[in-house]
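Structure first, then comments.
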Amino acid sequence: MFTSIAGRAVVVTGATRGIGKGIAGVFARSGARVLVTGRDEDAAKATVAELGAGGAEVSYLLADVSRREDCERMAQAAADRLGGIDVLCANAGIFPDVKLADMTEHDIDSIFATNVKGTMLTVKACLPHLERSGHGRVILTSSITGPITGYPGWAHYGASKAAQLGFLRTAAMELAPDKITINAVLPGNIITEGLDGLGQDYLDGMTASIPQRRLGTTADIGHAALFFACDEAAYITGQTLVIDGGQVLPESLQALDEM
Ligand code: NAP
C-alpha cells in the first residue's frame, strides 16, 4: 500500500548513528534517495557504507544543526545531489542529564541550541525545496520525555522536546497552503548508542516499565516516520505519534504487576 516513497529525496539530520540512522535505513530500503547528516565524519562514512550496501542511493554531509550556515549548506547540498527535498526528518538531538540544582546556563543553552533552535533552523532552511516538491513532508523526532513524561535529570531536555511540539503546531498551519505536512514521532526508550551509554541498570529498569517488555528499535521509529512521509498520510498534519511499546500507559507499578 505505502509505495509512494521510492525515488523521493529524503534528508535525515543526526543520522550518523542511533534513531536517525534507523530512519534513514527504513527510507533507503523503501527506495528513497537519502542524505544523512551529522558532525562525526567517520560515523557518517560508516553509515553511508552500511545503508548503501544494498544499492540504495545514500550520501552524507557534515553539518551542525545549531548553525544556520550549516543548515543552509545542507539544504543546498540536498538540492544539488537529489534535485530537491521531498521529506525532511529533523531528528538530530542531544540528551545530557543534569539535575536542576546543578544545571548551568550553558547546559540549558546548549540543549536548546541543538534540540529547539536546530530543529527550527533545519526546517526553515529546507522550506523552499519542500514547497517546490508539491508533497513536502517534515517529521520531527520529539520524545515522550517532556511532552508526556518526566525523568529526573532531564528537565531541560524535556522542555526542549515539548518546545518542538509548540513549534510543530503553528508551523503546520503556516505550511499547509504549500501542501507541506509536519508531524512528530515521540519515541519511548529506543536502543541506540546514546541510550546504551546510560548503563545496564537504566536499560533494565526501563524494560521492566514497558508493557511490551522490550526497548524499541530504531526501525520502529523509522516505520512511523515512513508512514507520515507517504502520500497516503497527506491529510495528517500537526500531529504526534507515540512509539513506546505502551510505556506511558500504566497508572502505577501495580498496574504493570497485574498484567
Ligand atoms: P544518539 O545515538 O546520540 O544520536 C544522535 C545523533 O544526532 C547523532 O547522529 C549525532 O551525530 C547527531 N547530532 C547531535 N548533535 C548534533 C548537532 N548539533 N548537529 C547535527 N547532528 C547532531 O541519539 P538517539 O538516541 O539516536 O537520538 C536521536 C533523537 O531521538 C534525538 O532527538 C533524541 O532526543 C530522540 N529520542 C531518543 C530516544 C531514545 O531512546 N534513544 C527517545 C526519545 C527521543 P554526530 O555526533 O555525528 O553529530
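Only residues that are hydroxyl-bearing (Ser, Thr, Tyr) and touching a residue at least 12 places away in the same chain (Cβ under 8 Å): list them for the range 100-144, please. Break it down stepwise before answering.
Our first condition is that a residue be hydroxyl-bearing (Ser, Thr, Tyr); within the range 100-144, this holds for 104, 110, 114, 119, 122, 133, 141-143.
Residues satisfying the conditions are 110, 114, 119, 122, 133, 141, 142, 143.
Looking at the structure I just gave you, is residue 237 over 12 Å from the mean Cα position of the chain (by Cα), of a type in the set (Val, Ile, Thr) and assigned to a helix (DSSP H, G or I)?
The answer is no for residue 237.
What helices (runs of 4 or more DSSP H) completely inside the range 188-229 contain at least 2 residues that are more than 13 Å from the ligand (Cβ to nearest atom) and under 25 Å from residue 140 (Cβ atoms)? Can you show your working first?
Working: elements: 193-196, 200-208, 218-229.
Qualifying helices (runs of 4 or more DSSP H): 218-229.
How many residues are more than 20 Å from residue 19 (Cβ to Cβ) and crowded, with 21+ Cβ neighbours inside 10 Å if we restrict to the range 87-132?
Residues in the range 87-132 being more than 20 Å from residue 19 (Cβ to Cβ) and crowded, with 21+ Cβ neighbours inside 10 Å: 3 in total.
When you look at residue 175, is it hydrophobic (A, V, I, L, M, F, W, C), at pLDDT 95 or above and more than 24 Å from residue 25 (Cα to Cα), yes or no?
Here the answer is yes, as residue 175 does meet what is asked.
I'd like the residue in the range 230-246 that is charged (D, E, K, R) and more than 10 Å from the ligand (Cβ to nearest atom) and, out of all such residues, is farthest from residue 257 (Cα to Cα).
231
Conditions tested, residue by residue: (1) of a type outside the set (D, E, K, R); (2) within 22 Å of residue 8 (Cβ to Cβ); (3) under 20 Å from the mean Cα position of the chain (by Cα); (4) modelled with pLDDT of 95 or more.
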site: 70; (1), (2), (3), (4): no, no, yes, yes
site: 83; (1), (2), (3), (4): yes, yes, no, yes
site: 96; (1), (2), (3), (4): yes, no, yes, yes
site: 103; (1), (2), (3), (4): yes, no, no, yes
site: 118; (1), (2), (3), (4): yes, no, yes, yes
site: 122; (1), (2), (3), (4): yes, yes, yes, yes
site: 126; (1), (2), (3), (4): yes, yes, yes, yes
site: 130; (1), (2), (3), (4): yes, yes, yes, yes
site: 136; (1), (2), (3), (4): yes, yes, yes, yes
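Any residue in the range 18-31 that's more than 10 Å from residue 220 (Cβ to Cβ): show its pairings with residues that are within 7 Å of the ligand (Cβ to nearest atom) and not in a helix (DSSP H, G or I) at Cβ separation under 6 Å, as long as the two are six or more apart or on different chains.
Hits for this filter: 18/192; 20/14; 20/91; 21/15; 24/15.
If you go through the range 62-71 one residue at a time, do you hit one that is in a helix (DSSP H, G or I), within 10 Å of the ligand (Cβ to nearest atom) and not β-branched (Val, Ile, Thr)?
Yes: the range 62-71 contains one or more residues that are in a helix (DSSP H, G or I), within 10 Å of the ligand (Cβ to nearest atom) and not β-branched (Val, Ile, Thr).
Residue-by-condition table, conditions (1) within 19 Å of the chain's Cα centre (by Cα); (2) at pLDDT 95 or above; (3) on the phi < 0 side of the Ramachandran plot:
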residue	(1), (2), (3)
171	yes, yes, yes
196	yes, no, yes
202	no, no, yes
210	no, yes, yes
219	yes, yes, yes
259	no, no, yes
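Counting only residues that are touching a helix residue (DSSP H, G or I) at 6+ places or on another chain (Cβ under 7 Å) and either farther than 23 Å from residue 73 by Cβ or acidic (Asp, Glu) (or both), which one in the range 20-53 is farthest from the ligand (Cβ to nearest atom)?
Quick first cut of the range 20-53, residues touching a helix residue (DSSP H, G or I) at 6+ places or on another chain (Cβ under 7 Å) only: 21-28, 30, 33-38, 47, 51.
After this cut, where a residue has to be either farther than 23 Å from residue 73 by Cβ or acidic (Asp, Glu) (or both) as well, the list is 22, 25-26, 30.
Working: 22: 8, 25: 12, 26: 14, 30: 20 Å.
Residue satisfying both the conditions and the ranking: 30.
For every residue, the table says whether it meets (1) touching a helix residue (DSSP H, G or I) at 6+ places or on another chain (Cβ under 6 Å); (2) not in a helix (DSSP H, G or I).
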site: 88; (1), (2): yes, yes
site: 97; (1), (2): no, yes
site: 109; (1), (2): no, no
site: 114; (1), (2): no, no
site: 117; (1), (2): no, no
site: 121; (1), (2): yes, no
site: 126; (1), (2): yes, no
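Just give me the residues in the range 1-19 being away from the ligand (no atom under 15 Å from the Cβ) and part of a loop (DSSP other than H, G, I, E, B), in sequence order.
1, 2, 3, 4, 5, 6, 7, 8 - these are the residues of the range 1-19 that are away from the ligand (no atom under 15 Å from the Cβ) and part of a loop (DSSP other than H, G, I, E, B).
The values are calculated or read from the model by the stated rules, or taken from the named source; none is laboratory data. Every value quoted in this text rests on a predicted model; they were computed, and no experiment measured them. As a convention, Cβ positions derive from the backbone with ideal geometry for all residues, glycine included, and neighbour counts pool all protein chains shown.
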